[in-house]
Each structure stands twice: as structure tokens, then as C-alpha cells.
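J.: So that we are looking at the same thing, I have put the structure below in C-alpha cells.
The values are calculated or read from the model by the stated rules, or taken from the named source; none is laboratory data. Being a predicted model, the structure only gives us computed values, none of them experimental. Backbone-built Cβ (ideal geometry, glycine too); neighbour counts: all protein chains shown.
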Amino acid sequence: MPRLPAGGEAALPEALRSPTKDVTRGWVASVVAINIGINVVFFAPINVLLGLQATAIDAGSKEAILSLVTACGASVALVANPLFGALSDRTVSKMGRRSPWILAGAILGAAALLMLSGATTVGLMLLGWCLLQAGANAAYSSVTAAIPDRVPERRRGAIGGLAAMGQTVGILLGAVVGFVISGNITVGYIICAVALVVGVIPYVLRPNDPVLPREFRTKFKFLEFIKGFWINPLTHQDFGWAWLTRFMMNTGNQMTIVYLLFFLTDVVHLEDPAGGVLVLTGTYAVMVIISAVLLGPISDKSGKRKIFVSGSSVVVACSALIIAFTQNFTGAIVGAAVLGLGFGAYLAVDFALLTQVLPSAKSRGKDMGVINVANSLPQVVAPMLAFLAVSMLGGYTALFIVAAAIGLLGAFLVRNIRSVP
């Protein structure tokens, strides 16, 4: 990138400056809509559709199939999120840096969902899920980077809370899809494809991303991109600690939910496990929305982030212990409510914290992509840990205890972040 102009940051193009103007309600609503669409296509398959598909292909190996497919898809997400983030950093389209990748990602994701709708083998499931992860993460990395592009720091807790609300509504709608399809996997995937396309339309029809002038674009170099995965935690210590704590928090959370359908089927012996997933997801969603929308602005007003992140992490760990030691549907409902209360606050405030420790304005897309690896990598690690816990450490009680321990460690490590109160 060229040297800063003589006027410093004020002379930089808008795309590379720290934002100072508040965003419009319409823009915020479009970001929420994208989050809803993306999370429908992530969580309807993860919570219900992939499990039903794995059972239809080989009921005796359903856990292994589900773990393989989700882990491979998450491996794709590990690369896709920062890759498309880095490409969007360098995009000089008249639509701005982020909108073209949101649109392209939605098209690829919808095509992958249609492939999944007809998959009857593990190979096709694997290919379809990996392509979906590539497309959805292209869109997700771009819309995530758009927030620090456009939103002033003083408002990021509130906007983070609304984005978390969008994510949660998407998760809830994903559970609704799993419930209403009555086992018709094909219809479920088609509904997901429609949700993804509809979700991105408000944003891409009114592209108002800041445009990057061509003279400020840096060339994409693959080796530099690979090196960019490594952000020196000694040079950027707060970024490193923020990444690690988010990774641990998401690992514990993923371990709690990855086998939820099987837990309700094999341990709780619920007659309608898909309906049970819907009830638990609805309970969780209501609490997430309440805590995210309320605590994000409170964090903005107080100027503090770490105490909210640590406290919410402890609450999430407690939810796993509740499920571990009750192992009935009533306990699962209480655990889901506690999980939502903690995770809503965490999603809103931790997002704001993360945007405040990014190393550079010129690489927000790539850096947020690296942060999002802390969301994706647990999708690789958690199914493996969950499979080991269920098969070798004593079953679902061990699974939830390990999940709680990981979350508590993440809560403790938040204190190492120094630049954010």
C-alpha cells in the first residue's frame, strides 16, 4: 500500500479511514438480514438436516459421518473466511469492497444447497457441505468486515448486539426448518437456499460500501496471504489473546450443540427429537436476543468490554454443566435458557472488543477473517473432541463437562487483553 498522504488518515479514502459517522437504520437492517440468511444455512443443516441425512445413509455410523462432514466443511471455512476477506480488502468495484463477495458467496452457497438436497452418498454430502462453507463464508467474512468499515467504535456494542440478534434469529429459523419439513430433507435444503438469497438482497441492491480507489489497492500475493494467517501475538498481544479466548469459547459451545439431536434421541429418549431441537433453540434464541440487545448498548455506555466477556463465558460454561447433570428434557430447557443468556451477551460485547484490537485498517477483511477462524476451527476440533468424549470418556456427561471446562478457561484468559477495558 502506498505511504500515507501528507494529511495523514484524513487524506485517506473513506474505505481506509476509521469511521466517525453513524450508519443508517436501513444499513443495519440489511446486515441483520444477511446474518439471518447465513445462519439459517449453517444451523438448519448442523442441527437437523445433516444428522437426518447421515442417518438415512448409514444409521449405524451416523455420528462418524456427521463428524466427518462437519469437520471437513469447517476446514474449508478456515481458509475461505480469511481468503475472501483478503480479496475483499483489495476489491475496487463500484459496488464497494464487500458487496461483490456477499453476492458471489450467496450464489455459490445456494447452488451447494441444491446439491445437498439430492445427496444420497457421503461423498456428495461432503462436497456439497464444503462448497456451502466456501460460499457462505465468502459472504460472512465480507459483511463482518463491513461493520468496522462503517460503524464507529462507540456504537459497536449496540451493532454487535443487533448482528447477534440476526444470527440468533437465523439459528431459530434453522430449527424451524428442521421441524416443519417432517423429515423431507430435500425441501429443507431448498428452503435454506431461498433464505440465503433473500437475506442478501437488501444489502446488494443498495450497495453503499466505501469504494477503494485503484491506486490504494495492493496486489494479492499468495505467500503473503498464507503468512497473514500468522499475526504475531508478541507484536499484537491483545489480538492474539482475543483470538484465543474466542476460539475456546466457540469450541465449548460447539461441543454442547453438535450432538444435540442425538442426545435427545439416545439419552433423553424424546419421541420427537426434531421438535425438541426446535423448543431448545427457541428458548436459547429468546434469551440471546434479550441479552445481546440489552447488554451491547450497556457495554458501549460503560466503555467496558472484558468484564462482560468474562462473565458471559462463565454463564455459558454453567449451561453445559446443567445439561451434563440433569440429562432430561427439563434440564435441557434450563440449560438452553442459561446458554442463551450468556452467549447473547458474549456475541455482542466480544465482537465490539475484537474490532478494537484489529492490527490494521487496510486489512480489516483479512484480519476479521482470521478472527472468524476462531469461529470455524472449533467446528473441526469440537466434533472430534465430542466424538472422543462420547465414545471414550463416558458418554454425554463427559462431553458437557469438557465443554464447560474449556469455556471457563477462555473466561479466565480474557484478563490478558490490556488495551481494552
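J.: On the basis of being among the small types (Gly, Ala, Ser), within 30 Å of LEU353 (Cβ to Cβ) and more than 19 Å from the chain's Cα centre (by Cα), does SER291 make the cut?
T.: No.
J.: Quick test for you: out of SER75, SER67, SER18, pick the one residue that is under 25 Å from ALA374 (Cβ atoms), of a type in the set (S, T, N, Q) and outside any helix (DSSP H, G or I).
T.: On the way: SER75 fails: outside any helix (DSSP H, G or I); SER67 fails: outside any helix (DSSP H, G or I).
Checking each option against the conditions leaves just SER18.
J.: Okay, moving on. Where the second residue is loosely packed, with under 15 Cβ neighbours inside 10 Å and at pLDDT below 95 and the first is in a helix (DSSP H, G or I) and lies in the range 183-208, which pairs have Cβ atoms under 9 Å and are six or more apart or on separate chains?
T.: That search, which allows pairs on different chains as well, returns ILE185/ALA56; THR186/GLY118; VAL187/VAL180; GLY188/VAL180; TYR189/GLY118; ILE191/VAL180; PRO202/GLY26; PRO202/ALA29.
J.: Please indicate, with yes or no, whether at least one residue in the range 122-132 is crowded, with 23+ Cβ neighbours inside 10 Å, aromatic (Phe, Trp, Tyr), in contact with a Ser or Thr (Cβ under 6 Å, 6 or more places away or on another chain) and part of a helix (DSSP H, G or I). Give the derivation first.
T.: Applying the first criterion (crowded, with 23+ Cβ neighbours inside 10 Å) to the range 122-132 yields 125, 128-129, 132.
From what is left, the residues that are aromatic (Phe, Trp, Tyr) are 129.
Those still in the list that are in contact with a Ser or Thr (Cβ under 6 Å, 6 or more places away or on another chain) too: none.
No, the range 122-132 contains no residue that is crowded, with 23+ Cβ neighbours inside 10 Å, aromatic (Phe, Trp, Tyr), in contact with a Ser or Thr (Cβ under 6 Å, 6 or more places away or on another chain) and part of a helix (DSSP H, G or I).
J.: Also, quick follow-up: Only one of these conditions is not met by SER360: (1) free of Cβ contacts under 8 Å to residues at least 24 places away in the same chain; (2) out of contact with any Asp or Glu (no Cβ under 9 Å at 6 or more places or on another chain); (3) not hydrophobic (A, V, I, L, M, F, W, C). Which number is it?
T.: For SER360, the failing item is (2).
J.: Kindly evaluate ASN47 against the criterion of being closer than 24 Å to GLU153 by Cα, touching a residue at least 24 places away in the same chain (Cβ under 8 Å) and assigned to a helix (DSSP H, G or I).
T.: Details: closer than 24 Å to GLU153 by Cα: no; touching a residue at least 24 places away in the same chain (Cβ under 8 Å): yes; assigned to a helix (DSSP H, G or I): yes.
For ASN47, the condition - closer than 24 Å to GLU153 by Cα, touching a residue at least 24 places away in the same chain (Cβ under 8 Å) and assigned to a helix (DSSP H, G or I) - is not met.
J.: Return yes when SER93 is among the hydroxyl-bearing types (Ser, Thr, Tyr), farther than 30 Å from PRO421 by Cβ and surrounded by 23 or more Cβ atoms within 10 Å (Cβ to Cβ) and no when it is not.
T.: On the way: among the hydroxyl-bearing types (Ser, Thr, Tyr): yes; farther than 30 Å from PRO421 by Cβ: yes; surrounded by 23 or more Cβ atoms within 10 Å (Cβ to Cβ): no.
In short, no.
J.: Among the candidates ALA86, ALA104, ALA110, ALA77, single out the residue that is at pLDDT 95 or above, buried (at least 21 other Cβ atoms within 10 Å of the Cβ) and touching a helix residue (DSSP H, G or I) at 6+ places or on another chain (Cβ under 9 Å).
T.: Details: ALA86 fails: at pLDDT 95 or above; ALA104 fails: buried (at least 21 other Cβ atoms within 10 Å of the Cβ); ALA77 fails: at pLDDT 95 or above.
Of the residues listed, the single one that is at pLDDT 95 or above, buried (at least 21 other Cβ atoms within 10 Å of the Cβ) and touching a helix residue (DSSP H, G or I) at 6+ places or on another chain (Cβ under 9 Å) is ALA110.
J.: Among the residues of the range 118-126, is there at least one that is touching a residue at least 12 places away in the same chain (Cβ under 8 Å), over 22 Å from GLY26 (Cα atoms) and among the small types (Gly, Ala, Ser)? Before you say what the answer is, go through the steps one by one.
T.: So in the range 118-126, the residues touching a residue at least 12 places away in the same chain (Cβ under 8 Å) come out as 118-122, 125-126.
Checking which are over 22 Å from GLY26 (Cα atoms) leaves us with 118-122, 125-126.
Okay, now just the ones that are also among the small types (Gly, Ala, Ser), so 118-119.
The answer is yes; a qualifying residue exists.
J.: For the range 170-211, name all the residues that are of a type in the set (Phe, Trp, Tyr) and touching a Ser or Thr at 6+ places or on another chain (Cβ under 6 Å). Spell out the reasoning first.
T.: Taking the range 170-211 and keeping what is of a type in the set (Phe, Trp, Tyr), we get 179, 189, 203.
Residues satisfying the conditions are TYR189, TYR203.
J.: Taking the range 149-201 on its own, how many of its residues are under 18 Å from VAL28 (Cβ atoms), in contact with a Gly (Cβ under 8 Å, 6 or more places away or on another chain) and modelled with pLDDT of 90 or more?
T.: Looking only at that region, the number is 3.
J.: Confirm whether ALA56 is in contact (Cβ under 8 Å) with a residue 12 or more places away in the chain and under 21 Å from MET368 (Cα atoms). It would help to see each step written out before you state the result.
T.: Working: in contact (Cβ under 8 Å) with a residue 12 or more places away in the chain: yes; under 21 Å from MET368 (Cα atoms): no.
Taking the combined requirement at face value, the residue does not satisfy it.
J.: So, one more: How about the range 194-225: which of its residues are among the aromatic types (Phe, Trp, Tyr) and exposed (fewer than 15 other Cβ atoms within 10 Å of the Cβ)?
T.: At the first step, the residues of the range 194-225 found to be among the aromatic types (Phe, Trp, Tyr) are 203, 216, 220, 222, 225.
If the condition is that a residue be among the aromatic types (Phe, Trp, Tyr) and exposed (fewer than 15 other Cβ atoms within 10 Å of the Cβ), then PHE220, PHE222 are the ones that fit.
Matching residues to (1) in contact with a Ser or Thr (Cβ under 6 Å, 6 or more places away or on another chain); (2) of a type in the set (Ser, Thr, Tyr); (3) under 27 Å from SER376 (Cα atoms); (4) crowded, with 16+ Cβ neighbours inside 10 Å:
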{"site": "PRO13", "(1), (2), (3), (4)": "no, no, no, no"}
{"site": "THR24", "(1), (2), (3), (4)": "no, yes, no, no"}
{"site": "ILE36", "(1), (2), (3), (4)": "no, no, yes, yes"}
{"site": "GLY51", "(1), (2), (3), (4)": "no, no, yes, yes"}
{"site": "GLY73", "(1), (2), (3), (4)": "no, no, yes, yes"}
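Let's see how each residue does on (1) buried (at least 24 other Cβ atoms within 10 Å of the Cβ); (2) in contact (Cβ under 8 Å) with a residue 12 or more places away in the chain; (3) small (Gly, Ala, Ser):
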position	(1), (2), (3)
LEU294	no, yes, no
LYS306	no, yes, no
SER312	yes, yes, yes
GLN356	no, yes, no
ARG364	yes, yes, no
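J.: Filter the range 126-154 down to the residues that are within 30 Å of PRO421 (Cα to Cα) and under 12 Å from the mean Cα position of the chain (by Cα) and list them by number. Steps first, please.
T.: Going residue by residue through the range 126-154, those that are within 30 Å of PRO421 (Cα to Cα) are 140-154.
The answer is TYR140, SER141, VAL143, THR144.
J.: Specify the residue that is modelled with the lowest pLDDT; the eligible residues are those in the range 226-240 that are in a helix (DSSP H, G or I) and surrounded by fewer than 17 Cβ atoms within 10 Å (Cβ to Cβ).
T.: From the range 226-240, those in a helix (DSSP H, G or I) are 226-228, 237-240; that's our starting set.
In the following step, the residues that additionally are surrounded by fewer than 17 Cβ atoms within 10 Å (Cβ to Cβ) were identified as 226-227, 237.
Details: ILE226: 69, LYS227: 66, GLN237: 84.
Per the criteria, the residue is LYS227.
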